[in-house]
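Working notes, structure below.
The values are calculated or read from the model by the stated rules, or taken from the named source; none is laboratory data. Just so it is clear, the structure is predicted and the values come from calculations on it, not from any experiment. Backbone-built Cβ (ideal geometry, glycine too); neighbour counts: all protein chains shown.
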Amino acid sequence: MISRREIALAAPKAEDAPFLPTVNATRRASESDIADIADKVFAGERLDAADGLRLFQHPNLGDLSLLADHVRRTKNPDPRVTYVVGRNVNYTNVCWVRCSFCNFYRTPGQEGGYTLPQETIFAKIVSCVKE
């Protein structure tokens, strides 16, 4: 966990970013293995791949949320949060690439492989547009 002292030292002053006192007020633990990354985040520095891996492995979602919210508020001070809903119409599961990470595909001619008819594909597209 990021300590209150570390956040207070790393964070800009409250008058520069009025949302940060909330971050300081919600801290509960005294130690963190990502304090150096928090310093970078509060300083507006870019994180590297090693930082990303450490954040991925960090068990405290609260710490991660606070850092992410700080970046979001810095880049977009508007209090409104938006998101994008990604839609993907899977018209077939037949694939010859054999990616090591995919457990979805079937090779051509393999049992369980499918290709949807055009009517079904278009119905799925219409459904995505309406949602």
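Quick notes on this structure:
- Of all residues in segment 34-54, those satisfying the criterion of being in contact (Cβ under 8 Å) with a residue 12 or more places away in the chain, within 13 Å of His70 (Cβ to Cβ) and assigned to a helix (DSSP H, G or I) are Ile37, Ala38, Asp39, Val41, Phe42, Ala43.
- Check on Asp63, under 14 Å from the mean Cα position of the chain (by Cα), closer than 18 Å to Asp39 by Cα, assigned to a helix (DSSP H, G or I) and touching a residue at least 60 places away in the same chain (Cβ under 8 Å): yes
- Checklist (1) surrounded by 10 or more Cβ atoms within 10 Å (Cβ to Cβ); (2) more than 22 Å from Asp39 (Cβ to Cβ) applied to Arg54, failing item: (2)
The rows are residues; the columns are (1) part of a helix (DSSP H, G or I); (2) at pLDDT below 90; (3) more than 28 Å from Ile34 (Cα to Cα); (4) not aromatic (Phe, Trp, Tyr).
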| residue | (1), (2), (3), (4) |
| --- | --- |
| His70 | yes, no, no, yes |
| Arg87 | no, yes, yes, yes |
| Cys102 | no, yes, yes, yes |
| Gly109 | no, no, yes, yes |
| Ile121 | yes, no, yes, yes |
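- Some residue of segment 87-102 being in contact with a Pro (Cβ under 6 Å, 6 or more places away or on another chain), under 28 Å from Glu131 (Cβ atoms), free of Cβ contacts under 8 Å to residues at least 60 places away in the same chain and assigned by TED's automatic domain parsing to the domain that holds Glu131: yes
- Looking only at segment 73-131, residues that are among the hydrophobic types (A, V, I, L, M, F, W, C) and within 27 Å of the chain's Cα centre (by Cα) come to 11 in all.
- Residue count for segment 78-131, restricted to those that are of a type in the set (Val, Ile, Thr) and under 30 Å from Ser65 (Cα atoms): 4
- Subset tally (residues that are of a type in the set (A, V, I, L, M, F, W, C) and under 30 Å from Thr115 (Cα atoms)) for segment 46-97: 7
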